[in-house]
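Below you'll find the structure, written out as structure tokens, and then a few comments.
The values are calculated or read from the model by the stated rules, or taken from the named source; none is laboratory data. Please read these numbers as outputs of a predicted model, since none were measured by experiment. FYI the Cβ positions are ideal-geometry reconstructions off the backbone, even for glycines, and counts take in every protein chain you see. These accessible areas exclude ligands, DNA and RNA; they are computed on the full protein's heavy atoms, side chains included. Shrake-Rupley method; radii C 1.70, N 1.55, O 1.52, S 1.80 Å.
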Amino acid sequence: MRMLRVAAIMAGILMTALPAAAQKTLNVGVSVFTGTLSPSGGGYTTLSLVLLTSDGLVRRNADDTLGPGLAERWETVSPTQWRFHLRKGVKFHDGTEMTSADVKYTLDYVLDPKTVYVRKTRIGGIARVEAIDPYTVEIHTKQPYPVLLRGLSEIPIEPRLYRERVGMDGYAKKPIGTGPFKYVNLVPGDSYELEANKDYWDGAPKFDRLVVRQIPEGATRVAALVSGEVQIIEEVPVDLIPSVQRRRDVEIVSVPSSVSMVLTLNQLEPPLNNPKLREALDVAIDRELINKQMLDGRGEILQGQLVTKGTFGFNPNLKPRAFDPARARQLLAEAGYPNGIDLTMLTQSGRYLSDTDIANAVAGMWQNVGVRTTINTLEGAVWTRLDRTKELKPINMIGWFSVGDADFNTVWYTQASNRAYWKNDEFEKLFVAARSTIDPQERLRHYGRMMEIMHDEIPSIFLFGLPRVYGKSKRVKGWEPSSDSLLRLSKLELE
Amino acid sequence: MLSYIARRLLLMPVSLLLVLGIVFLIVRITGDPVEIYLGPEATQEQIDLLRSELQLDRPLWEQFAIFLADVLRGDFGTSIQHKAAALPLVVERLGATVELAAIAFALAIVAGVGLGILAAVRVDRPADFVISSIAVAGQSMPSFWLGILLIQLFALDLGWLPTSGRGTAAQLVLPAVTLATFILPNFVLVTRTAILEIARDPFVMAARARGASEGRILFAHVLPNALNPVISLAGLQVGRLMGGAVVTESIFAWPGVGRLIIASVFQRDLPVVVAAVFIVSLTIVVTNLLVDLAQATVDARIRLG
């Protein structure tokens, strides 16, 4: 009898142990990690983890294009009224069906003035949401609102019943969504463990478990990849790219991002209110060289405009001003500084890929034409405060990202954003016009002209579209690295 | 003895409050947690809402009064980034740091004192020269660099140990060695000097004259008397150990309090910073007390003086 029991226990152990051995686990190393899984906070770091367990109405793809998410299709009834047809039979992880009630619940909650939700402004143009029937939702906007779809792609739909039962705090501790992975365990500062959702509406992931580990130090992240502990890492430091390329089983993959690295010049005060001085600074920079040295040639040289080539609103007729130190010296003299000038550039350290290296390289090139540049590196919180009070002057280096639509980064050059270090009335009018119509052709025309104005007036010197550099094991197949830093892992295969 | 302990215990809250007050002021004055949390796209409406929720719209002195009253009741507030009570958050992460620091500390003392004794016994001979040179070199080696080198050698080239993370004993080895190396050289050098100094004392000569063996002189006479500077060094090193843990935790992705403090300082997440600094200060103050007590036990001059 006793033997039998032992045998039964042994068999039990074997049965649980065997499938576990055959399990496929994907390990991912990330640089920053979130403190909470609440969709209301934490920016893209959090959103990246939240979207593992949930979906938006609209899905933004790895290359910033848009496609159907929980809504399988949609149409505009009028310029201010959109109708979304929800996918039928989509289940939350607790088995309840996702319907229009959940969509309305989520959007109403996000838009509630009493809710603090970090990405609230992304859908701020919505006037009201109506559930027509279980699978149809209508969204009314205050004005024609062309960026609605892109905004919706950043709002994960939350399950109404579960949220009402456990509250936001309970949801953040154990999120339940419609997404490709299910929550298993979160160890703050260490790792997030998930399992594949075998019933995922867009096809179950082809591996069983997912562990996202935080490895803050770049060199350790690379070591963890090379030693096989993790199969994908984000943010490979540029100087460590060769050490990955030297190894046989791992490789570097990089994509252009929509983050535009620019040097913003304070045009509102002397000396940079002088257009010749601004142009001198622009033509003194050898972008090719900096891209090669500091970004491993993986950056995209901005074409004399704010947005990257892949962003809606790109103006194909513009080119960057040619690198010409002799002309820079001449312009400097014409601007009234034949003996050169002293300037200060503010930057952050470690905020963007190779940021201080790029700043130092620019300063060196300016030095060559007689612009003696001091670089002042600010800590993030101090930067944020000076940013609010508009004291990042006379020159600051910053990355603005567009997530694919010019509306999102041109906004920083309008007076309403309280971030602009210039003022241009035509630009202001065009900005409003471009976000008040849903006709793409008309919008493109407006953005084209806005890019031209910025090219001529140089409110910022446009440097690079920064690349995102990932490292991956060659066992990982069919994975598209994301240009917006959100992990998209549900489609890849692990050999 | 009891009055000595009582005196020390009475001073403890004063130093802790002083530390918390300084932390409060520095974190509050140099940045705004709400703006950092909400990012550049936040509307004024959202900023105002969160600010009043967190009582950040009140004058600084009033915030400080609320803060003090809460802390005295044992309430450190709620983390804005983690949306959770600050103290449990810190306590949850404390285990990892204590585990790492305790092992590194033990390693440093055992190896440091052992090597120090060896160097003193072999003074001015090759062994002393090698140990002392390595100790001096170790003292000037940044932990950051050492950590990366160890990963390179033991995780990548030899493949014996994992690079980072926490969970298995193997994952503890590299961070513990790195952190131990941060304070170990001090133990070597201080032990060596202390022994050499005591060895010159007349009572050692007297023991030798009595015909006591060298081993007996070392372990029965010299070592107990050389212990005092080593104990007081150990007390001082606890503070450095906590500082070193911050760097070590970052390199090895060790989920401890050190990294939590760093992240929270950058985010100006005051409740977490204060709770963490409180716990760390408490650890240091208590260890210093223990060190003083140990010294008083070992050395009657302190106890009576």
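Calculated mean residue ellipticity, 222 nm, chain B: -25500 deg cm²/dmol, from DSSP H runs (n ≥ 4) at -39500 (n - 2.57) each, averaged per residue and rounded to 500. Once you've got the Cα coordinates, tell me which of A:Lys88/A:Lys120; A:Lys24/A:Lys198; A:Lys174/A:Lys472; A:Lys88/A:Lys174; A:Lys276/A:Lys309; A:Lys309/A:Lys491 are over 18 Å apart. Too far apart for the 18 Å limit: A:Lys88/A:Lys120; A:Lys174/A:Lys472; A:Lys88/A:Lys174; A:Lys276/A:Lys309; A:Lys309/A:Lys491. Counting only alpha carbon atoms, the long axis of helix A:2-22 and the longest principal axis of chain A meet at about 30°. Could you tell me what percent of the accessible area of the protein assembly as shown is made up of carbon and sulfur, with a 1.4 Å probe and every protein chain present? C and S atoms contribute 60 percent here. Annotation: average projected area of the stretch B:108-255 is 10.0 square nanometres, based on the convex hull of Cα atoms across all directions. The mean of 1/r over all pairs of different alpha-carbon atoms in the stretch A:204-296, once inverted, gives a Kirkwood hydrodynamic radius of 17.1 Å. For the residues of A:267-274, the average number of beta carbons from a partner chain within 10 Å of their own beta carbon is 0.
Mean separation of Cα pairs under 8 Å and 6 or more residues apart, divided by the residue count, gives chain B a relative contact order of 27 percent. In this view, the solvent-accessible surface of B:Met141, computed with a 1.4 Å probe and all protein chains in place, comes to about 60 Å². Its residues counted as N, the stretch B:184-305 yields a C-alpha radius of gyration over 2.2 N^0.38 Å of 1.48.
Mean residue ellipticity at 222 nm, helices only, chain A: -9500 deg cm²/dmol; runs of at least 4 DSSP H residues each add -39,500 (n - 2.57), and the sum is divided by the number of residues.
Calculate how many DSSP beta bridges within the protein assembly as shown are antiparallel, expressed in % of all such bridges and rounded to the nearest 5.
Taking every DSSP beta bridge with both residues in the protein assembly as shown, the antiparallel ones total about 75 percent.
Computed on the Cα atoms alone, the convex hull of chain B gives a volume of 166 cubic angstrom per residue. Shape summary of the stretch A:429-491, radius of gyration then Dmax from alpha carbon positions: 18.3, 52 Å. In the stretch A:279-333, the ratio of gyration radius to Kirkwood radius, Rg to Rh, stands at 1.03 when only Cα atoms are counted.
Calculated accessible area for the stretch B:1-84 comes out at 57 Å² per residue, all protein chains present (probe 1.4 Å; ligands, DNA, RNA ignored).
Leaving out ligands, DNA and RNA, calculate the buried accessible area for the pair B and A with a 1.4 Å probe, summed over both sides, in Å² to the nearest 100. Summed over both sides, the interface buries about 3300 Å². To the nearest 10, the accessible area of A:Val166 is 60 Å² with a 1.4 Å probe. Heavy-atom accessible area, probed at 1.4 angstrom with all protein chains present, ranks B:Leu54, A:Leu240 as B:Leu54, A:Leu240, highest first.
Computed from Cα atoms, the angle from the helix B:2-30 axis to the main principal axis of chain B rounds to 50 degrees. Ordering A:Asp169, A:Asp296 by accessible surface, largest first, gives A:Asp169, A:Asp296; the 1.4 Å probe counts only protein heavy atoms, with every chain in place.
Volume of the convex hull of the stretch A:62-219 (Cα atoms only), normalised per residue: 147 Å³.
Using a Debye calculation, one point per C-alpha and no hydration shell, please list log10 I(q)/I(0) for the stretch B:60-165 at q = 0.10, 0.18 Å⁻¹ in order. Those come out to -0.59, -1.03, one per q.
Dividing the convex hull volume of the alpha carbon atoms of the protein assembly as shown by its residue count, what do you get in Å³ per residue?
235
Across the stretch B:215-225, rounded Karplus estimates of 3J(HN,Hα) from the backbone phi angles (6.51 cos²θ - 1.76 cosθ + 1.60, θ = phi - 60°) give x, 5, 4, 5, 7, 9, 10, 6, 4, x, 7 Hz, Gly and Pro being marked x. Only Cα pairs under 8 Å and 6+ residues apart enter the sum, and on that basis the relative contact order of chain A stands at 20 percent. Surface listing: A:Tyr470, B:Tyr4, A:Tyr337 arranged by accessible area from highest to lowest gives A:Tyr337, B:Tyr4, A:Tyr470, probe 1.4 Å. With Rh defined as the Kirkwood radius, the inverse of the mean 1/r over Cα pairs, the Rg/Rh of the stretch A:282-385 is 1.00. Applying the Karplus relation 6.51 cos²θ - 1.76 cosθ + 1.60 with θ = phi - 60° to the stretch B:284-298 yields 3J(HN,Hα) values of 5, 4, 5, 5, 4, 5, 4, 5, 4, 4, 4, 5, 4, 5, 6 Hz, where x marks Gly and Pro. Peptide B:35-46 has a mean of 6 when you count, residue by residue, the C-beta atoms of other protein chains within 10 Å of its C-beta. Given a 1.4 Å probe and the protein chains as shown, A:Lys390 ends up with an accessible area of around 50 Å².
Compared with the dominant Cα axis of chain A, that is its longest principal axis, helix A:100-111 is turned about 40°. Reducing the stretch A:105-144 and the stretch A:407-435 to their Cα centroids gives an inter-centroid distance of 25 Å.
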